[in-house]
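Below you'll find the structure, written out as structure tokens, and then a few comments.
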Amino acid sequence: MTVVRRRILRIAGIGSLAVGGSGLWVLLEHLWSPAHPVFTLSEVTPGTTVPPFALPGLGKAAGFTSDDLCTGTRSVLVNFFASWCAPCVQEAPTLMALRRQGVPVWGIAYRDKPDATEAFLRNHGDPYARVALDQAGTVSIRFGLAGVPESFLIDRHGIIRWHWQGGLSADTVREFLTPALAAAG
């Protein structure tokens with residue numbers, strides 16, 4: 001009797017895996033199909049409007065909203081970063097150089113604790129005119145973030161004019177961001 005029970009359990013286990021795997025496959029096929037773009041996190045691309053959001057600030061500082069990015073005067077570079085992100089440390093000097101050049105850089109701390117964000121800015125420099133906290137990651141999802149760091153150039157009308165995935169470097173700024181800043185005004 002024990003041999004029969006073991007065989008039944010094996011067959012039931014294999015059957016459960018097959019049914020579960022097939023169900024998962026059908027679900028993924030449905031979500032990834034062009035007819036059902038449900039799996040797409042965001043439609044944020046250059047030329048589109050910034051998605052609506054409101055985030056709290058760091059410490060006593062005020063956060064910012066998507067409406068705040070429509071300054072009416074000049075473009076703003078929005079940089080998503082995190083204290084636990086090694087490429088964010090590497091791009092910090094580049095962001096500081098942009099600040100010294102007068103480029104408005106606003107930061108959004110991605111899924112980070114406020115005290116960790118403050119320590120990061122203390123240790124690696126604070127290039128940000130404003131810093132907001134996206135602890136839940138919901139705004140990052142609206143922007144379609146693949147990871148941190150990522151940067152978006154937003155023109156004075158709230159239109160995304162440029163997007164960069166990964167850390168900024170002096171070469172990236174010279175070859176891509178500077179022309180985008182000039183074009184965005």
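The values are calculated or read from the model by the stated rules, or taken from the named source; none is laboratory data. Keep in mind the model is a prediction, meaning the values are calculated, not measured. Cβ sites come from the backbone with ideal geometry, for glycine too, and all protein chains shown count toward neighbours.
For GLY102, state whether it is surrounded by fewer than 12 Cβ atoms within 10 Å (Cβ to Cβ) and at pLDDT below 95. No: the conditions fail for GLY102. Out of the stretch 158-173, which residues are more than 16 Å from GLY185 (Cα to Cα) and assigned to a loop (DSSP other than H, G, I, E, B)? The answer is GLY166, GLY167, LEU168, SER169.
As a summary of the residue check, ALA54 satisfies the conditions (1) farther than 20 Å from THR117 by Cα; (2) touching a Gly at 6+ places or on another chain (Cβ under 9 Å); (3) modelled with pLDDT of 85 or more except for the one numbered (1).
Within the stretch 65-89, the set of residues being buried (at least 19 other Cβ atoms within 10 Å of the Cβ) and aliphatic (A, V, I, L, M) comprises LEU69, VAL76, LEU77, VAL78, ALA82. The residues on offer are ALA92, ALA62, ALA109, and the sole one that is buried (at least 19 other Cβ atoms within 10 Å of the Cβ), out of contact with any Phe, Trp or Tyr (no Cβ under 6 Å at 6 or more places or on another chain), of a type outside the set (Phe, Trp, Tyr) and touching a residue at least 40 places away in the same chain (Cβ under 8 Å) is ALA109. The set of residues in the stretch 142-157 being buried (at least 21 other Cβ atoms within 10 Å of the Cβ), not β-branched (Val, Ile, Thr) and not in a helix (DSSP H, G or I) consists of LEU145, PRO149, GLU150, SER151, PHE152, LEU153, ASP155.
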